[in-house]
1. Express the carbon and sulfur contribution to the solvent-accessible surface of the chain as a percent, rounded to the nearest whole number, probe 1.4 angstrom.
2. Can you give me the convex hull volume of the Cα atoms of segment 396-552, divided per residue and expressed in Å³?
3. Only sites in a loop by DSSP and with at most 16 other Cβ atoms within 10 Å count here; which trypsin sites (Lys or Arg not before Pro) in segment 154-242 make the cut?
4. Could you give me the ³J(HN,Hα) list for segment 50-58, computed from phi with Karplus coefficients 6.51, -1.76, 1.60 and θ = phi - 60°, whole Hz, x at Gly and Pro?
5. Name the long-range amide H neighbours of Asn310: under 5 Å, sequence gap of 5 or more, or other chain; modelled H, no Pro or chain starts.
6. For segment 349-404, which GluC sites (Glu not before Pro) pass both filters: DSSP loop (anything but H, G, I, E, B) and at most 12 other C-beta atoms within 10 Å?
7. What ranking of Met140, Met590 comes out by heavy-atom accessible area, probe 1.4 Å, highest first?
8. Per DSSP H run of at least 4 residues, take -39500 (n - 2.57); add these up for the chain, divide by its residues and hand me the 222 nm value, nearest 500 deg cm²/dmol.
Amino acid sequence: MGYKSLAECVNDLEKHGHLIRIKEEIDPYLEAAAIHLKVYEQKGPALLFENIKGSKFPAVSNLFGTIERSKFMFRDSLDKVKTLVDLKGDPMKALKSPFKYAGVSLTALSALPMRVNHNAPISFGKAKISDIPPIVNWPMDGGAFVTMPQVYTEDIEKPGIMGSNLGMYRIQLNGNSYIQDKEIGLHYQLHRGIGIHQTKANALGQPLKVSIFVGGPPSHALAAVMPLPEGLSETTFAGALGNRRFRYFYDNEGFCISADADFVITGTVYPQDNKPEGPFGDHLGYYSLIHPFPLMKVHNVYHKKDAIWNFTVVGRPPQEDTSFGALIHEISGKAIPQEVPGVTAVNAVDEAGVHPLLFAIGSERYTPYLQERKPQEILTQANRILGSNQLSLAKFLFICAKEDNPHLDIHHVETFFKHVLERIDLTRDLHFYTKTTIDTLDYSGSDLNSGSKVAFTVAGEIRRNLTTEIPTNFRLPNIFKGAKMVLPGVITIEGNKYESERQASEEIAALNEMLKNENLESLPLIIICDDVEFTAKNWQNFVWVTFTRSNPSHDIHGINSFIEHKHWGCKGPLIIDARVKPHHAPPLIMDSKIEKNIERLWSKGGSLYGIIK
């Protein structure tokens, strides 16, 4: 059976050696986050902070810190839920193989939310926002944030739990101009279900009721980030994955309360009522800056007896939310081909911050009667991907034809790039989408939510052998320095500090002049960066720097580039300018004094002695 509460999950993890108790007093300002980051980095256990300074509530983090622990928590239900998602895309399978899918009906039954009597056996006390552990993760954060929230809203036109949305949108608890204990900030990005609900409420001139759940069975948190197939609600998924129906009731003000949650914050969001929110250290590895976002007026803060506050730390991947992504892929991977016909696999590359870089494998079947295979069908599939839900937030999409290598592993980044660069025709295979939307957290674009995209569509035979050494005829103008190979066919060079588009254009022109007559067929990709040693150190640094610090329409250039009938291409190597630009957000850097201070925990006698190497 599934967990009935977060406490039950904590006890189970501890019993099986997956959780450690931190008994020392821990400062919620940076210390708790620094400890979490250190333990996560070493693939360590979940952490129960028993003594958070200034709060009567304990806090738990790193529950999902490894994919193995994540699977352990759902060991009784994971396979059944994967089957349920599979059947959602093809219900006829149950008729064709009735014995194989015999247990699915029980899983489906646990998926139905259950309304309960709020008087028994559930009992909640009341608190204030300031009673919650005020955990601040990064030095420049604008205040304390809820980092594992389950934000619940209902469709004002069709109220009720079956039409609800449960999403994970960060919540700012204090700081900036928020009135303490009365106001909090609600941040959500593009393509989120809550936006539809707020739009409808705004149109009617009515406030949107919002309930923020924290804690409860771990299936609830995972459900809040799950990109579910259309028509499958998050609360039903939470019940199916947790092997326990999602229990709820409504308080006397009409707010939905998750009966199993440890904390519930209720409040209202009024039309066009915003306040500055942020900064916040985010999952791209940079701060998201201060912008106006919806203001939530707090009504009540409920908590269970012996409640545990659940938090995480986001930053440059990989982090705890990486395990979320891996688990989501395992559960819903088969749903992708059902969403986009012909596409067999999609990978939002975690090391690049997820949305900036997307790999896909499609099918090229338009002209099987011709010997030459070129990108045709996969271009239509690229368009479909970039128009589908959160996949549409991708900035760089590389899509290949499975017919060229049926065994290509989309999760092996180095092999995938090699496959692309061996086959790409730089005069033909790049397709730009300009002045469009990108991820709210991505500051490489021209404005908030605004930027460009590019699809690299690759199909056909190998057309070049990739060099693993710097070619003897690769020469640089003196405005560039330090060239290093990163991957086969990929070189990174160090440029001057980026000051303006005009300066960059002049530098690219000088590089083009130097290389335009050279045969560099074996070197299809040049990356301009600020620190060649860091960028070339490993492929993880390469993808993070390259794809989080560039805007395709502005930062892609090429040797001997041309525009022909509105199509851009280049006859020599492609250039991506991945230097930090003046409008970019600062990267996340932990306070060195804090890092030094927490070393007491893994000294002899400390709670983490023997855990941290």
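1. Values: 13260 of 25720 Å².
C and S fraction of accessible area: 52 percent.
2. Numbers: hull volume 20.1 nm³, N = 157.
It comes to 128 Å³ per residue, whole-number rounded.
3. Working: sites: Arg170, Lys182, Arg192, Lys200, Lys209; in loops: Arg170, Lys182, Arg192.
Answer in residue order: Lys182.
4. 7, 9, 8, 4, x, 9, 7, 9, x
5. Residues meeting the criterion, in which the H sits 1.01 Å from N, are Val60, Gly215.
6. Working: sites: Glu351, Glu364, Glu372, Glu377, Glu403; in loops: Glu364, Glu372.
Taking segment 349-404 and a limit of 12 other Cβ atoms within 10 Å, the loop GluC sites (Glu not before Pro) found are Glu372.
7. Details: Met140 95, Met590 25 Å².
Sorted by accessible area, descending: Met140, Met590.
8. Numbers: 18 runs with 158 residues, N = 613.
Taken over the chain, the calculation gives -7000 deg cm²/dmol.
The values are calculated or read from the model by the stated rules, or taken from the named source; none is laboratory data. From a predicted model like this one, the values you see are computed outputs, not experimental measurements. Positions of Cβ are generated from backbone atoms using ideal geometry, with glycine treated the same way; all protein chains shown enter the neighbour counts. Surface areas here come from the heavy atoms of the whole protein model, side chains and all, with no ligands, DNA or RNA. Shrake-Rupley method; radii C 1.70, N 1.55, O 1.52, S 1.80 Å.
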